[in-house]
């Protein structure tokens, strides 16, 4: 398996409502056959029905309150940008699960959950290089 | 918020065991302070403790069997490659939740869950251009 991910698909309860949050955060895509596709770099971010995605993946449908074992992170270029994005998210209907604060690695970050409970971290991490195009590079930790 | 994701972090029960599965699938990274970082294009794929990630995100820890409302997709260049990756995943300890089959959009795909229940789709989708470097481009559906 080559070292890449092609799509990230979130199961959502109400497509228009879910899309609305990401639109308010500044993300724009296309809706096709009950599915929203948003191009993010070389990856597609997808919003699809909770029921449809569960069925497509062959898993029993189940509400999953609380922690789901995954987070999506959006890194920014300054602490101020962390505060700005979290404020925008809150005003767009997201729930702040952890207010922005200094992190153990010398950064600054906070978390929110979107309208369907998907967890997002907004972080400023001086140790992870952020390119002009927004892509990040994992540092060479000299580890294996 | 710029249109991008920086990191995708999976909560895992046993870091070495979880990493072992992805190594067997051909993904290699670095372990630093109880965290595995794997560079995938301009994104970092991260394995971290289930408990640590729940706490870091400010969410109550909770086992989440069944569907979690998210899937990660790895698109390949042929139907044969779908079968090959699923076979490798199964032999590496993953659970096939949906065997490979033709899809409604004219492709071919199957799903597995990894050792911590995270859902992966392996797909061949002739309608989504796959570049030489593995990045995908969402077609222009003429939709809004």
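Just to verify a number: FRET efficiency for residue A:62 and residue B:87, C-beta to C-beta distance, R0 = 25 Å, to 0.05?
0.35
Run lengths n ≥ 4 of DSSP H only: what is the helix-derived mean residue ellipticity at 222 nm for the protein assembly as shown, with -39500 (n - 2.57) per run over all residues, to the nearest 500?
Counting only the DSSP helices, I get -6000 deg cm²/dmol.
Compare the peptides B:123-132, A:3-12 by average per-residue count of other Cβ atoms within 10 angstrom and give them in order, highest first.
Per-residue Cβ counts within 10 Å, averaged per peptide and sorted highest first, yield A:3-12, B:123-132.
Using a label point 7 Å beyond Cα on the Cα-Cβ vector, give me the inter-copy distances for residue A:144 in nanometres, one decimal, shortest first.
For residue A:144, the inter-copy label distances come out at 5.7 nm.
Taking every pair of distinct Cα atoms and averaging 1/r, then inverting, what Kirkwood hydrodynamic radius in Å comes out for chain A?
16.6 Å
Across peptide A:116-125, what mean number of C-beta atoms from other chains lies inside 10 Å of a residue's C-beta?
Per residue, the number of nearby Cβ atoms from other chains is 3 on average.
For a protection proxy built on the mean count of beta-carbon atoms within 10 angstrom, sort A:98-107, A:73-82 highest first, please.
A:73-82, A:98-107
How well do other chains shield peptide B:51-58, expressed as the mean number of their Cβ atoms within 10 Å of each residue Cβ?
What the average comes to for B:51-58 is 6.
Can you say what percent of the DSSP beta bridges in chain B, counting only those with both residues inside, are antiparallel? Round to 5.
Around 70 percent antiparallel, to the nearest 5.
Would you mind giving the mean number of other chain beta-carbons within 10 Å of the Cβ of each residue in A:43-50, as a whole number?
That works out to 4 on average.
Once the Cα atoms of helix A:15-24 and of chain A are each reduced to a long axis, what angle between those two axes, in degrees from 0 to 90 to the nearest 10, is obtained?
Helix A:15-24 sits at roughly 20 degrees to that axis.
Which value in Å does the Kirkwood hydrodynamic radius of the protein assembly as shown take, with 1/r averaged over all unlike C-alpha pairs and then inverted?
19.0 Å
Note down the nm distance, to one decimal, between modelled labels 7 Å out along Cα→Cβ at residue B:52 and at residue B:17.
Inter-label distance under the simple model: 1.7 nm.
Compute the acute angle (0 to 90°) between the alpha-carbon long axis of helix B:79-91 and the principal axis of greatest extent of the alpha-carbon atoms of chain B; round to the nearest 10°.
With rounding to tens, the tilt is 20 degrees.
Each reported figure results from applying straightforward, stated rules to the coordinates on display, with no laboratory input. Just so you know, these numbers come straight off a predicted model, no measurement behind them. Every residue, glycine as well, gets a Cβ built from its backbone with ideal geometry; the counts of neighbours run over all protein chains shown.
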